[in-house]
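Data first, discussion second: the structure below is written as structure tokens.
The values are calculated or read from the model by the stated rules, or taken from the named source; none is laboratory data. Note that the structure is predicted; figures quoted are calculated from it, not measured. Don't worry about glycine lacking a Cβ; one is built from the backbone with ideal geometry, like all the others, and counts go over all protein chains shown.
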Amino acid sequence: MTGQAMNLAGEMGHRLPSGRQYEIHFGRQKAVLTEVGGSLRDYLLNGSPLVDGYGPDGMCTGARGQTLIPWPNRVRAGIYTWEGRQFQLDLSEPDKGGAIHGLTRWRNWEVLEHTEDAVSFVYTLHPCQGWPWVLDCRLDYRLGPEGLSIRTTVANRGLTPCPYGTGAHPYLAPAASIGTGTIDAGLVQVPGLTFLPVDDRGIPTGQENVAGTDYDLRDLQVLGQRQIDVAYTDLLRGPDGRARVKLLSPDGSSGVDLWADESYPYLEIFTGDTLPQRERRRTGLGVEPMTCAPDAFNSGEGLITLDPGHSHTGEWGISPVPL
């Protein structure tokens, strides 16, 4: 980062809705991370966006680029039971009567280290309504030859075990490469054998095989008018253990490849049809790597028990196609 840019981040950044801005660069790639949420606001190749983010003067909407700790997706009615005690979280999604996307995405994260191609954020989550534990959280962003990687590490600094899950909420943004302004004409591939249908509050009601349904995206195909807001699991993985979601231009010549390591057994796919901001609907494909299922604090599906002094690490990333 240049001295002038660093001055902007330090002196004026606190005035921006997403706080101080931190740029990293590698070759033709550039990413912009924010103080609020330690979030991914923008990622570009040759100046063209690879994620459907937001500008420096705008507030994050639709959880764009945010990391979700200590749970991704929803907790039904904000209520869960842990080790015989019932807890009530604040209802951060009042229209559905639930708690959504964790407790850290609107907090100010501190930069631990910032270099030309990498930045690390840290934040300590202290007890709050419905959450009595202490978590030390760290996000490591790095640009390199394969694209952008994001590593999330969280340690339990409390005195008792706690429930834990994490996820991330980027929107892949090929609108520029597709040329239509929406994701409809894009080619999509999702490596899930099973999807989790949901009720009107977004809470899973079971599991179904994707075969023969509109949710079957195992083969690269045109997204079309499909409206999707469900989690996939039983993910197909490559020899490197990574599951990959592709969103490409209609001719398959360019686009984005999101990968997630084996710590993420779930992928939420969201076409954005229900976003409050109508102008942002279907302009990017939400692809959310998750360590647990929606409402895992109640169902236990994929839920991690994080013991005192123990930590959990997961890594995912985005690669331009072609790089």
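In the set Pro294, Pro308, only one residue is in contact (Cβ under 8 Å) with a residue 60 or more places away in the chain, in a loop (DSSP other than H, G, I, E, B) and under 18 Å from Gly102 (Cα atoms); that residue is Pro294.
Which one of Ala211, Ala176, Ala231 is outside any loop (DSSP other than H, G, I, E, B) and at pLDDT 95 or above?
When all the criteria are applied, what remains is Ala231.
The set of residues from segment 98-128 being of a type outside the set (Asp, Glu) and surrounded by fewer than 12 Cβ atoms within 10 Å (Cβ to Cβ) comprises Thr115, Pro127, Cys128. When both residues are 6+ apart or on different chains and their Cβ atoms are under 6 Å apart, which pairs have a first residue that lies in segment 146-159 and is touching a residue at least 40 places away in the same chain (Cβ under 8 Å) and farther than 17 Å from Arg244 by Cβ, and a second that is outside any strand (DSSP E or B) and polar (S, T, N, Q)? Between residues of segment 146-159 that are touching a residue at least 40 places away in the same chain (Cβ under 8 Å) and farther than 17 Å from Arg244 by Cβ and residues that are outside any strand (DSSP E or B) and polar (S, T, N, Q), the close pairs are Thr152/Thr166.
Check whether at least one residue in segment 241-260 is surrounded by 14 or more Cβ atoms within 10 Å (Cβ to Cβ), among the acidic types (Asp, Glu) and in contact with a Phe, Trp or Tyr (Cβ under 6 Å, 6 or more places away or on another chain), and report yes or no. So far as segment 241-260 goes, no, none of its residues is surrounded by 14 or more Cβ atoms within 10 Å (Cβ to Cβ), among the acidic types (Asp, Glu) and in contact with a Phe, Trp or Tyr (Cβ under 6 Å, 6 or more places away or on another chain).
Against the condition within 15 Å of the chain's Cα centre (by Cα) and either over 20 Å from Thr67 (Cβ atoms) or buried (at least 20 other Cβ atoms within 10 Å of the Cβ) (or both), how does Val222 come out, does it pass? It is false that Val222 is within 15 Å of the chain's Cα centre (by Cα) and either over 20 Å from Thr67 (Cβ atoms) or buried (at least 20 other Cβ atoms within 10 Å of the Cβ) (or both).
Just need a number here: residues in segment 191-208 that are part of a strand (DSSP E or B) and in contact with a helix residue (DSSP H, G or I) (Cβ under 9 Å, 6 or more places away or on another chain).
The first filter runs over segment 191-208 and keeps only residues part of a strand (DSSP E or B), leaving 192-196, 198, 204, 208.
Still in the list and also in contact with a helix residue (DSSP H, G or I) (Cβ under 9 Å, 6 or more places away or on another chain): 204.
So the answer is 1.
When Glu262, Glu288, Glu301 are checked against the criterion of being assigned to a loop (DSSP other than H, G, I, E, B), within 20 Å of Asp140 (Cα to Cα) and either in contact (Cβ under 8 Å) with a residue 24 or more places away in the chain or not hydroxyl-bearing (Ser, Thr, Tyr) (or both), a single residue qualifies: Glu262.
Residues that are among the β-branched types (Val, Ile, Thr) and surrounded by fewer than 20 Cβ atoms within 10 Å (Cβ to Cβ) were ranked within segment 37-79; the one that is nearest to Gly98 (Cα to Cα) is Ile79.
Look through segment 265-284, keep the residues that are of a type in the set (Ser, Thr, Tyr) and in a loop (DSSP other than H, G, I, E, B), and return whichever of them is surrounded by the most Cβ atoms within 10 Å (Cβ to Cβ). By that ranking, first place goes to Thr271.
Answer yes or no as to whether Gly13 is modelled with pLDDT of 95 or more and not in a strand (DSSP E or B). So Gly13 does not fit the description; no.
Of the residues making up segment 111-135, those that are part of a strand (DSSP E or B) and in contact (Cβ under 8 Å) with a residue 40 or more places away in the chain are Val111, His114, Ala118, Val119, Phe121, Tyr123, Leu125, Trp131, Leu135. Number of residues in segment 230-256 that are farther than 20 Å from Val210 by Cβ and under 17 Å from the mean Cα position of the chain (by Cα): the value is 1.
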